[in-house]
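The values are calculated or read from the model by the stated rules, or taken from the named source; none is laboratory data. Please read these numbers as outputs of a predicted model, since none were measured by experiment. Note: ideal-geometry Cβ built from the backbone for every residue, glycine included; neighbour counts use all protein chains shown. In case anyone asks, the SASA skips ligands and DNA or RNA and just uses the protein heavy atoms, side chains included. Shrake-Rupley method; radii C 1.70, N 1.55, O 1.52, S 1.80 Å.
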Amino acid sequence: MSGKVGEQEKVVWPRKSDDYELRELIGQGASGSVYAGYCKPIKQTCAVKCINLEMCGIKLNEIQREIQLMSQCNHTNVTNYYTTFVVKEELWLVMRLLAGAGILDEVVIATLLRDVLKGLEYFHNNNQIHRDSKSACIRCNMILSILSVDFGVSNWLSEESDRSKQKVRKTFVGTPCWMAPEVVDLGSGYNSKADIWSIGITAIELATGTAPFSKYPAMKVLMLILNNDPPTIETNQDEHKEDLKKYSKVFRKMVESCLQKEPTRRPDATELLKHPFFKKAKDKDYIKEHLLNKAPTLEEKENKMKVKKRDYRRGASGVLHRAEDGSWTWSDGEDFDESSAGAVSNLEKKQPSRQEPKPVSESSRSVGFIKPTNDFVTLRLMIYYIYHCYLEALKLINTIESITNELESAGLVGKQDLQSVAMALDKAIKSFQTIKSLRFPMVIGPDVVKDEGRLIGCGQIDIVKVL
Amino acid sequence: MPLFGSKQKSPYELVRISRDALATIIKEGSGKKAEKATDEIGKQLVAMKNILCGVGDQEPQTEQVAQLAQEIYNFDLLLFLVNHLHRLEFEAKKDVVQIFNILLRRQIGTRSPTVEYVRSKNEILFTLIQGYENSDIALNCGIILRECVKYDILAKFILSSDAFYQFFTYVELSAFDVASDAFSTFKDLLTKHKTLCAEFIEKNYDKLFEHYVKLLTSENYVTKRQSLKLLGEILLDHHNFSSMTKYVGNTENLKLIMNLLKDKSRNIQFEAFHVFKVFVANPNKAKPIIDILFKNKEKLLTFLPKFQTDRTDDEQFMDEKSYLITEITKLQKP
């Protein structure tokens, strides 16, 4: 045996896109997206960063340099990559999925969050709500810092909106895990306090490595946010409960104050900065020493986040230009059709769409909060999801089938009701301008009494808001 | 008398202990003894690095450096380290890279003794090139190789060996980090030493481009884009004038590039443009080339004005494009 010294058995990460399942979008930057992924042949979870190389402004040699730099780093706080390969016009970087507890100590969390809060304070004072203050942006994860320094989405409040109503946004965007309940519940409208909720979630993520509901599909996350008690650092962290004990009371209090369902009870950014927890914060050098050797400073990030806007185009297909149709002509009547046909068929090969959240895995299905019975499930949420789909549908066709599939895999609708739900959805989409609400039958057990008022034996779709 | 800790080992000791430790690792493979030897060699490498770089504010001491270098040559340590690089720890591999590269840069007068040493031990360069086949050490080998390629005698040696053609495989490896590192070395080999490179390209034109076409038509987006860009750079370098003339006289090349002009990737189109312009701008176009251009005159005159019109900030591109349009408009039936 010629075993290698000092190395444990090494996992070989495959370099084919087919071997990976991209499950949920956990971060998005100007240069690409980061997904929670699963590598099927070796049965490992991972994060997959997909960088679109066709996007302008990215130079291949810069990316190469960064990757080379990363390859020469070996530090627990610096995310290294497992492998990297080219998929059509994208570069995929397979990295460790930050999970598990005790990733950062409180001083680091306080320092990071304080800086984010200062940024947020600035935004709020300038009338801008920051949509995704999720920690993807400050994860101090080398690759994210280098390749996607942008801070997600910032959306100016519409000046045209009714000023008497205190400038309230009504769009449905953001990553569900970081969404405040009032953001999920479109009826109520939301303001800058929604960002404070996101800060609370971010704090949890920094402490535990994952956002509270991140293992669930988008649809279910929305349910959980609305219906469950506000999450704490222990939420869904059963395996790591022991490790989480080290977090102090003052940290927990701070998180708790951010995660109050009633937005008015949450502090604003300025008040939150005065919370005793932030006394722990040190200066930026501390972070530099502890975490980021080469990453841009937070100031740089803040600057970036002022100018960057989310680019909604996904995958390479959105930016492609197809040159003039028709082939060139060569001398001697040589046939050129072959290669030109090749080019066309290439074009038609669609990239697999990844927009919709993937079905949940077997394991998370069994953890479900909601048993796959439908007696009491109101499908009010569904309509939000439809909006969501509509928003994205400009680029990607989200079929009713894909919605029902997801509802099924999220354990919200049983097989027996899929048909009925699909028909109702179809009707709702077709007539959303004229109807406000529609009910449809659902299968119930023999000993359950049907009660439409309490939504037993039927489901309901409410048209809450048409965008 | 050393002020702190144990006494410093002499360069001779450092090198000898490293060799012995390496021998133990090779013999034992794994297990306690091998682990201990791995630790041992790691320590020696750090000590050697400290002699070569100096510690803290301290400048490296010339005499010590000279002694260490001599011992390293005497024991063929570089050769051994490179041959068994995959057996070392992560940080030790990096130290080897640093030690190797510092020694390469070391000069005595106009002589570069390490460069001469590496040249005399062919195996080192071949092993380094082969390192691209093992992803555990590929990038470490790549960094050393690029430092070697900076010296024309070493670059020349690689170019004149068959090992050079291995790069055509390496740049297409599925591991992007390795492939792109190999590409940087490949590029350096073909561009760093102008006269040497020009001579090589000219002499090996047929074989080289037979391989190169495969890169230009690769399924791998990055390979295609990078190789096309490099092609443009090579053709536009006046040192390569005679190879350029040969290239733009060939109709197959023109067809390939015209097809790439219509690639679905904008970046590839753009790189293709910079090669295409050489065909059109050539004042002494061969008749078959004129034939093709003339046959496509109308199509080109529709295509070019609409080609990447949003690059308005790239003045050179705009100028070149309108120049091409003028040239093509002037084309007469041959």
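Observations on the model:
- When the range B:286-327 is filtered for residues that are more than 10 Å from chain A (Cβ to nearest Cβ), more than 19 Å from B:Y247 (Cα to Cα) and open to solvent by less than 30 Å² (accessible area, probe 1.4 Å), the ones remaining, listed by number, are B:F317, B:K321.
- Within this structure, B:P283 fails the test of being facing chain A (nearest Cβ under 10 Å) and open to solvent by 40 Å² or more (accessible area, probe 1.4 Å).
- Residue list for the range B:160-178, filter: in a helix (DSSP H, G or I) and either open to solvent by less than 10 Å² (accessible area, probe 1.4 Å) or at the interface with chain A (Cβ under 8 Å from one of its Cβ atoms) (or both): B:F164, B:F167, B:Y170, B:F176, B:D177, B:V178
- Of all residues in the range A:67-95, those being at pLDDT 80 or above, more than 10 Å from chain B (Cβ to nearest Cβ) and either open to solvent by less than 10 Å² (accessible area, probe 1.4 Å) or assigned to a loop (DSSP other than H, G, I, E, B) (or both) number 2.
- All of B:V96, B:V82 fail the test of being open to solvent by less than 40 Å² (accessible area, probe 1.4 Å), within 14 Å of another protein chain (Cβ to nearest Cβ) and within 23 Å of B:I137 (Cα to Cα), apart from B:V96.
- For the range B:225-250, filtered to residues that are of a type in the set (D, E, K, R) and within 10 Å of chain A (Cβ to nearest Cβ), the residue that is surrounded by the fewest Cβ atoms within 10 Å (Cβ to Cβ) is B:K229.
- B:L260 within 30 Å of B:T185 (Cα to Cα), within 14 Å of chain A (Cβ to nearest Cβ) and either under 24 Å from the mean Cα position of the chain (by Cα) or surrounded by fewer than 20 Cβ atoms within 10 Å (Cβ to Cβ) (or both): no
- Being away from every other protein chain (no Cβ under 12 Å), open to solvent by less than 40 Å² (accessible area, probe 1.4 Å), within 30 Å of A:L60 (Cβ to Cβ) and more than 28 Å from the chain's Cα centre (by Cα) is a property that B:N253 lacks.
Condition check ((1) of a type in the set (V, I, T); (2) more than 13 Å from chain A (Cβ to nearest Cβ)) across all residues:
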| site | (1), (2) |
| --- | --- |
| B:Y12 | no, yes |
| B:R19 | no, yes |
| B:T24 | yes, no |
| B:S30 | no, no |
| B:K33 | no, no |
| B:T38 | yes, no |
| B:M48 | no, yes |
| B:G54 | no, yes |
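- Residue within the range B:131-147 that is buried (at least 16 other Cβ atoms within 10 Å of the Cβ), more than 14 Å from chain A (Cβ to nearest Cβ) and of a type in the set (A, V, I, L, M) present: no
- Considering the range A:6-21, and only residues there that are touching a Phe, Trp or Tyr at 6+ places or on another chain (Cβ under 9 Å) and at pLDDT 90 or above, the residue that is most open to solvent (accessible area, probe 1.4 Å) turns out to be A:K16.
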